[in-house]
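Working notes, beginning with the structure itself.
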């Protein structure tokens, strides 16, 4: 009887805290997305879109009540325009977003207001088991649309040709 109590006390003191901390801390999240240059300035990706290597992206989490910054981390895109940012901790009650910070392309630095940020859910308490989270692609506008964009947009928008 005394041995079984000792085992229970040992379990309570050693195993339970480890289980609780593993549940709370868990593995870090990996946020992935892509950054592009909207070469046609149309507000969406096209076949003329280029993906930006070396763009800086931030993950920002805001306190839901005060909207003050609670967490921030930055990363840079690889040669395919893809970023993979490691986010520590669970941000259960926070509003988290991927946000554009900067572009290395001199004539493609203006963030598209409609595609400059993407919501990311960074909590383990929502039923999602995996730690990889995907953010919508975000983009910068090219200063001047490429000349071939007029013809390209006709294909996308299915314009009637003038007679």
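The values are calculated or read from the model by the stated rules, or taken from the named source; none is laboratory data. Predicted model, so just to flag it, every value in this text is computed and none were measured. Please note: Cβ atoms are built from the backbone with ideal geometry, for glycine as well, and neighbour counts cover all protein chains shown.
Output the residues belonging to the stretch 137-152 that are assigned to a loop (DSSP other than H, G, I, E, B) and without any contact (Cβ under 8 Å) to a residue 24 or more places away in the chain.
Narrowing the stretch 137-152 to residues assigned to a loop (DSSP other than H, G, I, E, B): 137, 142-148.
147 - this is the single residue of the stretch 137-152 that is assigned to a loop (DSSP other than H, G, I, E, B) and without any contact (Cβ under 8 Å) to a residue 24 or more places away in the chain.
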Across the stretch 121-159, which residue is modelled with the lowest pLDDT among those that are over 19 Å from residue 110 (Cα atoms) and in contact with a helix residue (DSSP H, G or I) (Cβ under 9 Å, 6 or more places away or on another chain)? 159
With the structure loaded, tell me whether residue 78 is surrounded by fewer than 19 Cβ atoms within 10 Å (Cβ to Cβ), more than 25 Å from residue 148 (Cβ to Cβ) and modelled with pLDDT under 95 or whether it fails that test. no
What residue, of 70, 2, is at pLDDT below 95 and over 19 Å from the mean Cα position of the chain (by Cα)? 2
Check the stretch 89-104 and report whether any residue there is in a loop (DSSP other than H, G, I, E, B) and under 29 Å from residue 41 (Cα atoms). yes
Among the residues of the stretch 38-51, is there at least one that is over 14 Å from residue 145 (Cα atoms), at pLDDT 95 or above and surrounded by fewer than 17 Cβ atoms within 10 Å (Cβ to Cβ)? no
Kindly check whether there is at least one residue in the stretch 117-136 that is within 17 Å of residue 45 (Cβ to Cβ), in contact (Cβ under 8 Å) with a residue 24 or more places away in the chain and assigned to a strand (DSSP E or B). yes
